[in-house]
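The values are calculated or read from the model by the stated rules, or taken from the named source; none is laboratory data. Just so you know, these numbers come straight off a predicted model, no measurement behind them. Cβ coordinates were reconstructed from backbone atoms using ideal geometry, including for glycine residues, and neighbour counts include every protein chain displayed. With ligands, DNA and RNA removed, areas are computed over all heavy atoms of the protein, side chains included. Shrake-Rupley method; radii C 1.70, N 1.55, O 1.52, S 1.80 Å.
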Amino acid sequence: MSVAPPPSSAPLTGANAPARGLRERRRFAVRGVVQGVGFRPFVWNLATRLRLSGWVCNTSGAVVIEVEGRPAALQSFATALRADAPRLARIDSVETSPLEVVGDAGFRIVESRAVEGEYQPIAPDAATCPDCVSDVMTPGNRRFAYPFTNCTNCGPRFTIIEDIPYDRPLTTMRHFAMCDACRREYEDPSDRRFHAQPNACPACGPRLWCAGADGAERAGDPIALAAGSIASGEIVALKGLGGFQLCCDAANGVAVERLRHRKHRPEKPFAIMCADLATVRELCVVSDVEAALLEGSTRPIVLLTRRRGAGDGLLVDAVAPGLHELGVMLPYTPMHHLLLRSTGGLLVMTSGNVSEEPIAKDNDEAMQRLGHIADQFLLHDRDIYARYDDSVVRVVDGVTHVVRRARGYCPLPVRVDAGADGVLALGAHLKNTFCVLDEGNAFTGPHIGDLDSPRTLDHQDEALRTYLRLFRTRPSIVAADLHPDYASTRLAERWWESGAREVRVQHHHAHIASVLAEHGLRGSVLGVAFDGVGLGPDHSIWGGEFLLCDERSYRRAGHIAPVRQPGGDACAREGWRMAIAYLAAAGERIDAPPAWFLGAHGAPTERQWRLVSRLATSNTAPITTSAGRLFDAVSSLLGVAHVSTFEAEAAMRLEALASSAGDAAAVDALDVALGGDRMVLDTVHLVLALVRERQRGRSIEDLAAVFHESLARGIATMCVRLSATLGVNRVALSGGVFQNALLLSRVEHLLRERDLFVYTNQQVPANDGGISLGQALVAASQAREVG
């Protein structure tokens, strides 16, 4: 990259001229996440402290620095550039080259420059730092109680950037001219708001107000008004960083049920926001890793194990009914801090949408879409450019696994050396994300959701256009799933028709490839891909797969036992259908439901049972090896859940029961049987053994634990046999089923005990949210091979 230097100061002459023989000049081009993180102020202070002259400049491709001074000082500068970089920065590379000595005076931050075709990774939004929280909470401070306080170390980034390089005129803050006091901070190198692009105060910045459901502004302090509404049992919609959130008092059962009814979310757990870590510890077990996530700059929702019997008076069971985990986050904007301080308790804090739709981001949009849900609105006039939701993470055995990747994580890239550029991968149909791969950066887009509604498709289009523009990518290779009816595949077809190279990637190969991409693995691995549904090349429904694969291709080496899926996609909602299918596959009588089905919540009527029984034994029902449907069947047969009102509900309830049971010895019923040229994990007879144990009176909690342990041991046994047969000792685990912490932990432990190397998703979700990254790696690798 060539960047023309700014006009230099005239060389010093006479008695003030430096001794040129003792001076050198170097240029540094720094790439990575180095815009919007206080990098230029850091460079200015570093150069000034070392008495170096020169300049630093943001470009759309790199931060370019020219420094001049004594060789020892230049070496110290080069070392500190990496070692002491701002905490939000991520340096990928530093290119250094020598220059002729100029003899300029002082060190300057010069005007940013656009470079044709170049881009920089952009920093995600960062939670309010302790210094800014102190400003907001300190009476007499000029930013006391100001909900848009930020500095170089925190505040909005990706959500306000319209284009690069990252400067205020290219953000939604361009509408707010800084007052004299803010301007002085912005231009003072000793101030932590030096070149903080969203810098503002009550005199010149965005304004917050409270409005009723009719849109009329209410007189009074907006935070106090919203807090009063929450205390009275009302629902408040507030405009956060990436869109709107809906909140209510977590201790008010009526308010929580009202929110469930209005949001069309009957059972799915709500996240909660706590004022501080001490409050979280009252409710949940919190490890050091989890505490660091809760208090760090990303501030995701962290899935935590609930303390038994804790939370009385703090939150009602309806927040997360029947589950052993809570999704918890701490405040990450000044507005959240102020609201939590005013309410003095816990708040339900959930996405501002009707279930399965994208969150609202604009004021008028929120009033129109959320007017039937919220009683009051906290609005402001700082526009959100990029819409994105809260991220969700879980810690398993000390390792952080992303469950939903959005705020705080996007658009940070995963570094992928794939050998091809201009790749666009359009992901799956459920939990959709896309991935743009260029120059070794895989930019996985934020969580989009299920591509079932026009609004979600519009959201995907909006986010994709933003990524392609910001990262200057013109896709020449476009990847999609094998399934012809996925909305993501239909979108890919438009790119293919326009001349992009077509790549179709099998769903479970993409799952495993996402693990390869994250860990920089190449060559053969044994991939275990367990999820709900993915189309196989044989047109059957795959989902419990053992694959020998690399970054380009795969071979199916084994799977769980195939059964009928009577009713197709309806089985994901009505697990009792799969209960019938597994009983039928085991050769059991299915002319009538077991006694414990009769009258149970969500259980089928006798007529429904008979109709589905006929379907389960016919040739018209599709064949499936879905591990997700296995969990649904077991959950139903144990009486845990016969239906699911949200994805994986039955499996989550089964995991919660198993976790409450403690250790349980595995039933000796899970065999690995050879089936033709593939190994088959005999899950049918495992299910039958569980039913027999239930008939003998064993507790449901014990049997839930037995199921998890037996399945984990079966997976490990399959992997050991296949490893020996195929000559591989690396195992990659992926797919939504491996978001089950209990199963993941046991499988990892058992495999490592058997001297196998185990890799899992961490940076992207194991569920379909990680599919696009895997597709991108496969597409790039195949293109390199062809090229």
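For a quick check of your reading of the filter: which trypsin sites (Lys or Arg not before Pro) in the range 41-129 sit in a DSSP loop and have no more than 15 other Cβ atoms within 10 Å?
Arg51, Arg87
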Note: Glu462 to Asp397 extended length (0.36 nm per residue) minus current alpha-carbon separation gives 19.7 nm
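Figure the gain on full extension for Ala114 and Ala231 (residue separation times 0.36 nm, minus the Cα-Cα span) and round it to one decimal in nm. All intermediate terms of the calculation are to be shown ahead of the outcome.
Details: separation 117, 0.36 × 117 = 42.12 nm, distance 5.01 nm.
Length gained, Ala114 through Ala231: 37.1 nm.
Full-extension gain between Asp569 and Phe144, please, as 0.36 nm times their residue separation minus the C-alpha to C-alpha distance. Intermediate values should be presented prior to the final figure.
On the way: separation 425, 0.36 × 425 = 153.00 nm, distance 5.36 nm.
Full extension of this stretch gives 147.6 nm more.
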For the range 682-787 the mean separation of alpha carbon contacts under 8 Å (6+ apart) over residue count, i.e. relative contact order in percent, is 24
Excluding residues fewer than 8 positions from Lys268 in its own chain, the aspartates and glutamates with Cα under 14 Å of it are Glu257, Asp317, Glu325, Glu356, Glu647, Glu649
Relative contact order in percent for the range 90-211 (Cα pairs under 8 Å, 6+ apart) equals 23
For the chain, the helices passing both cut-offs (Cα extent along own axis of 20 Å or more, Kyte-Doolittle mean at least 1.6, full DSSP H runs) are none
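Just to confirm, what accessible area per residue do you get for the range 304-367 at 1.4 Å probe, in whole Å²?
Using a 1.4 Å probe on heavy atoms only, each residue of the range 304-367 averages 34 Å².
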Per residue, accessible area of the range 81-172 with a 1.4 Å probe, heavy atoms of protein chains only, in Å², comes to 41
For Arg218, other-chain or 5+-apart residues with amide H closer than 5 Å (H placed, Pro excluded) are Cys210, Ala211, Gly212
Heads up, the range 134-195 by the C-alpha gyration tensor (a ≥ b ≥ c square roots of eigenvalues; a/c under 1.5 rounded, else a/b over b/c prolate, else oblate) looks prolate
For the chain, the percent of accessible surface on carbon and sulfur atoms (probe 1.4 angstrom, ligands and nucleic acids excluded) is 49
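Can you give the relative contact order of the chain as a percent, counting alpha carbon pairs under 8 Å and 6+ residues apart? Don't jump to the answer; show the numbers that get you there.
Values: 1816 pairs, mean separation 86.7, N = 787.
Computed over the chain, the figure is 11 percent.
If you put +1 on each Lys and Arg Cβ and -1 on each Asp and Glu Cβ, how big is the dipole of the range 572-653 around its Cα centre, in Debye rounded to 20?
Details: 8 positive and 7 negative charges, 31 e Å.
Approximately 140 debye in magnitude.
Hey, what's the range 521-571 come to in accessible area per residue, 1.4 Å probe, Å²?
On the way: 1430 Å² over 51 residues.
Solvent-accessible surface per residue comes out at 28 Å².
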By the mean-Cβ-within-10 Å protection proxy, highest first, 256-265, 335-344 rank as 335-344, 256-265
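Could you check what % of the DSSP bridge pairs in the chain are antiparallel, to the nearest 5?
Working: 83 of 116 bridges.
Approximately 70 percent, going by the DSSP bridge assignments.
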